[in-house]
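Okay, structure first, notes after.
The values are calculated or read from the model by the stated rules, or taken from the named source; none is laboratory data. Computed from a predicted structure; not experimentally measured. Cβ placement follows ideal geometry from the backbone for every residue including glycine, while neighbour counts extend to all protein chains displayed.
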Amino acid sequence: MNSSIWPYIGKRLLLMFPVLLGLTVIVFFIMALIPGDPALAILGAFATPENVAQLNTQLGLDKTIVEQYFTWLGNVLQGDFGRSYRQNRAVLDIVTERFNATLILAGTALVLCSIFGILVGIISAIRQYGWTDKILTFVVLIGISTPAFWLGLLLIMLFAVQLRWLPASGMYAVYGGGDLLDLIRHLILPASTLAFIATGVIARLTRASMLEVLRQDYIRTARAKGLSEHRVVYRHAFKAALVSIVPVIGIQAGFVLGGAVYIETVFQWPGIGSMLVNAISTRDLLLVQGGVLFVAAAYVVFNLIADVVQVLLDPRVTS
Amino acid sequence: MKRTVQTLLIALTALLGSSLWAQTPPNVLVVGQIAEPQSLDPHAVTAVNDFRILVNIYDGLVRYEDGTLNVEPSLAESWEISDDGIHYTFNLRQGVSFHDGSPFNAEAVVFNFERMLNEDHPYHDTGPFPLAFYFGEVASVEALSEYQVRFTLSEPFAPFLSNLAYPTGLIISPEAVREHGQDVGRNPSGTGAYQFEEWRANARVVVSRNSDYWDGAPELEAVVFRPITDANTRVAEMLSGGIDMMVEVPPDNVATFADAGDFQLYEQAGPHLWFLILNLKEAPFDDKRVRQAVNYAIDKEALVNDVLQGTATVATGPTPPAFGWAYNEDLEPYPYNPDRARELLAEAGAEGAEITFYVTEGGSGMLDPISMGTAIQADLAAVGLRVRIETYEWNTFLGLVNPGLEGKADMAQMAWMTNDPDTLPFLALRTEAWPEQGGFNSGYYSNTTVDDLLNRARTSTDQDERAALYREMQEIVYDDAPWAFIANWQQNAVATDRVQNFRLQPSFLLLLHDVSKQ
């Protein structure tokens, strides 16, 4: 590895902190702006103003929002993410448990959509305006424009209800199971749904950057030298095009993490997306903060990895 | 490349073929729930969704008799009530152990109620206990001997036994509370028919047969509760054989299951009421005629048959018919009569009045609030009331409604599920239950006769006398119309025909002790 890359990574990692800090401030204060409070969510229909006030005192929510924020920040810096009001469980336990599930789902989807997106993009570029290009473009555009939850439900109806090939929802069999094979079986439908939707953008951008590269002089030279078309496309053109494809994959990583929210709900995947939605509606402030912090950190790290790969592919980028 | 594709295809075939997606395991019941439980600590939760699991892990001193809301012995074999209705002495069942092996005795009962009610109790901080007010009248609990315990109330309180049968009265192992502290909700230990095995976040809660159960070991080896929040996914799981039973079938899917041969649809009316709170402090609902007009103007038959597709029945008054002994059968629901509504509005001079109507997006027991809200808006528009809907997410909604409607809205949706005919009117219809006094009377209804009837009904220990008082209360409230009485929900469930000996309970609790599966 190029030794000059380390200072770059270090700088980017340092920049991560103000980003995350700013994010926690925004989330904390937005949560404070939403009407309704955690005490109300815990007490439900039985919340009398008196009970609410008492519980708020117990939870430390009677302090000012600024005080609350700094208490939270101080605790987080010591590694204490607090307890979920509603589940009465350590936030860190909940978040890490859920985050693993999301990483498995989003990671698989990202790998799938990168592979298919790049393949489709290359083929479309080579066969520009041909029938293959038109059909592939049509299919990936359907992917981009299909609502995730709807596609998910259709796949469940087909593969789980009609054909009974795959389970409809969940991450493991409810009883027994729990091995890798079981996981894969449960992963196929949600990961494919998510990947199908995310493939389009990568395919379209791969196609565009491949077309741009294929028009350049050195490609003509390579062809003129008599290199096989296969070699021209994959060794010369693709490698150059990859520089602009990699950051898109980084951005898609964020999309996949975000899109996982719907997919997790439809497929009852025990991930962090469905947890966050629930935590917001129950005003579980500390859980929301912890969850958002993890997701944001993951997003920043994914982008960092994408940028580093890009630098490695094209050293001009750092300068 | 071709070889890779080939290998992949073979692997995929192997994966699918290894076992064609099959039915659930034999003798294990898989139940599709609407959400993940919040906690399995019976004193810390308020949701029916959680109660459905709890009643299978824990027992209370008393319980509801199968198919009714009458109280029968459970962990207490018998009890005596003093003539003044202040002292309740329970004789406890002997030789019962909690799942963790510790003994059930009078000390355990005292620990349970002290933990909930006494702020100085060392484990009071393992709360909060939002429904502790069910036992607010308990002044002290003492162990008289190893198997005898006495509750002393601050005043006579007739619903006490019924409240003990409610899930908030379930008895948890003191050992488990001491060992796990705040985490006891995820490490529950009771005396019930099933014992806790495992809780995987958002995936499943597993309970297994308690072979030593005092009331006979259940036939099922285990029950798996799966949270499936999306109703469509829950239906798909049911159709694909991934679960054996689901609760709260969406109205749109009831017909699908009723017509399909392999499924059994269960329905049961329960003590639920869906109503509209009317703001009596401000015009136009400060006039009784306008309130009655609203009751006449709403086509409740259409709501329960078309919007809710038969999953509810038309409500008559403040007391659901499920409370058979306290329900006034002489009353008939306000008929759908728009002409009468127009007359009443004209008499009151309220034609064309503008009404702000709080609607929620959904919440516990709220059924299909948006569709119901818009149908009501249309019915009221037909008699000349101009209704402006404001829609809020559930928690925001409660935050607006519970402190009272004054200055904000004229009308709000609400629903309650209770265990005793006392609870809802006591908390939401008395003058002393106005929001500023800590009650739920958000529409400021006040009638001293009703106040008096309710106070007398809760202090009388004679059920016939109580029944007469509640019936009179219903007549007055029906006529005063502080609410628009809309619907009583019929809870439903679907199970495959492999599931046997199952029935829904009017208490909305999901009792699985006697259930078996072929």
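Could you tell me which of the residues B:GLU175, B:GLU219 is away from chain A (no Cβ under 14 Å), touching a Phe, Trp or Tyr at 6+ places or on another chain (Cβ under 9 Å) and on the phi < 0 side of the Ramachandran plot?
Among B:GLU175, B:GLU219, only B:GLU175 is away from chain A (no Cβ under 14 Å), touching a Phe, Trp or Tyr at 6+ places or on another chain (Cβ under 9 Å) and on the phi < 0 side of the Ramachandran plot.
Considering only the range A:67-91, state which residues are aliphatic (A, V, I, L, M) and either within 17 Å of A:VAL27 (Cβ to Cβ) or away from chain B (no Cβ under 14 Å) (or both).
Selection gives A:LEU73, A:VAL76, A:LEU77, A:VAL91.
Hey, among A:ILE26, A:ILE104, which residue is touching a residue at least 60 places away in the same chain (Cβ under 8 Å), β-branched (Val, Ile, Thr) and part of a helix (DSSP H, G or I)?
Of A:ILE26, A:ILE104, the one residue that is touching a residue at least 60 places away in the same chain (Cβ under 8 Å), β-branched (Val, Ile, Thr) and part of a helix (DSSP H, G or I) is A:ILE104.
Identify, from the list B:PHE113, B:PHE151, B:PHE157, the residue that is crowded, with 23+ Cβ neighbours inside 10 Å, more than 12 Å from chain A (Cβ to nearest Cβ) and over 30 Å from A:ILE272 (Cα atoms).
Just a single option satisfies the conditions, and that option is B:PHE151.
For every residue, the table says whether it meets (1) assigned by TED's automatic domain parsing to the domain that holds B:ASP422; (2) within 25 Å of the chain's Cα centre (by Cα); (3) without any contact (Cβ under 8 Å) to a residue 40 or more places away in the chain; (4) within 23 Å of B:GLN413 (Cα to Cα).
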position: B:PRO321; (1), (2), (3), (4): yes, yes, no, yes
position: B:TRP325; (1), (2), (3), (4): yes, yes, no, no
position: B:GLU329; (1), (2), (3), (4): yes, yes, yes, no
position: B:PRO338; (1), (2), (3), (4): yes, no, no, yes
position: B:LEU344; (1), (2), (3), (4): yes, no, no, yes
position: B:GLU347; (1), (2), (3), (4): yes, no, no, no
position: B:ALA350; (1), (2), (3), (4): yes, no, no, yes
position: B:GLU354; (1), (2), (3), (4): yes, no, yes, yes
position: B:VAL359; (1), (2), (3), (4): yes, yes, no, yes
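Show me the helices (runs of 4 or more DSSP H) entirely contained within the range B:365-471 in which 1 or more residues are within 14 Å of chain A (Cβ to nearest Cβ).
B:369-382, B:394-401, B:423-428
Among the residues of the range A:155-184, what is the count of those that are more than 7 Å from chain B (Cβ to nearest Cβ) and under 19 Å from B:THR233 (Cα atoms)?
Qualifying residue count for the region: 7.
Can you give me the number of residues within the range A:263-285 that are buried (at least 23 other Cβ atoms within 10 Å of the Cβ) and either more than 12 Å from every other protein chain (Cβ to nearest Cβ) or in a helix (DSSP H, G or I) (or both)?
Qualifying residue count for the region: 10.
Evaluate the range A:265-287: report whether one residue or more is closer than 30 Å to B:GLY399 by Cβ and basic (Lys, Arg).
yes
Name the one entry in A:THR102, A:THR108 that is among the β-branched types (Val, Ile, Thr), away from chain B (no Cβ under 14 Å) and closer than 30 Å to A:VAL140 by Cβ.
A:THR108
Looking at A:PRO18, A:PRO35 in this structure, which one is away from chain B (no Cβ under 14 Å), free of Cβ contacts under 8 Å to residues at least 24 places away in the same chain and not charged (D, E, K, R)?
A:PRO18
Give me the pairs: first residue in the range A:209-223 and of a type in the set (A, V, I, L, M), second residue not in a helix (DSSP H, G or I), beta-carbon distance under 7 Å, and six or more apart or on different chains, which are they?
These pairs meet every condition: A:LEU211/A:GLN128.
Just checking: which of the helices (runs of 4 or more DSSP H) contained wholly in the range B:199-315 hold 1 or more residues that are of a type in the set (Phe, Trp, Tyr) and assigned by TED's automatic domain parsing to the domain that holds B:TRP434?
Because the criterion is at least 1 residues that are of a type in the set (Phe, Trp, Tyr) and assigned by TED's automatic domain parsing to the domain that holds B:TRP434, the helices (runs of 4 or more DSSP H) in the range B:199-315 that meet it are B:288-297.
Restricting to the range B:95-146, what's the tally of residues that are in contact (Cβ under 8 Å) with a residue 40 or more places away in the chain, part of a loop (DSSP other than H, G, I, E, B) and either among the hydrophobic types (A, V, I, L, M, F, W, C) or touching an Asp or Glu at 6+ places or on another chain (Cβ under 7 Å) (or both)?
Number satisfying all stated conditions: 8.
Select from the range B:431-443 the residues that are touching a residue at least 24 places away in the same chain (Cβ under 8 Å) and surrounded by fewer than 21 Cβ atoms within 10 Å (Cβ to Cβ) and list them in ascending order.
B:TRP434, B:PRO435, B:GLU436
Here's the yes/no breakdown for (1) in contact with a Pro (Cβ under 7 Å, 6 or more places away or on another chain); (2) small (Gly, Ala, Ser); (3) modelled with pLDDT under 80:
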residue	(1), (2), (3)
A:MET1	no, no, yes
A:ARG12	no, no, no
A:PHE17	no, no, no
A:LEU21	no, no, no
A:VAL27	no, no, no
A:ILE30	no, no, no
A:GLY36	no, yes, yes
A:ALA39	no, yes, yes
A:ALA47	no, yes, yes
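Among the residues of the range B:316-330, which ones are touching a Lys or Arg at 6+ places or on another chain (Cβ under 9 Å) and in a loop (DSSP other than H, G, I, E, B)?
Passing the criteria: B:THR319, B:TYR327, B:ASN328, B:GLU329, B:ASP330.
Quick check: is even one residue across the range B:162-178 under 23 Å from the mean Cα position of the chain (by Cα), in a strand (DSSP E or B) and within 30 Å of A:PHE99 (Cβ to Cβ)?
No; the residues of the range B:162-178 include none that is under 23 Å from the mean Cα position of the chain (by Cα), in a strand (DSSP E or B) and within 30 Å of A:PHE99 (Cβ to Cβ).
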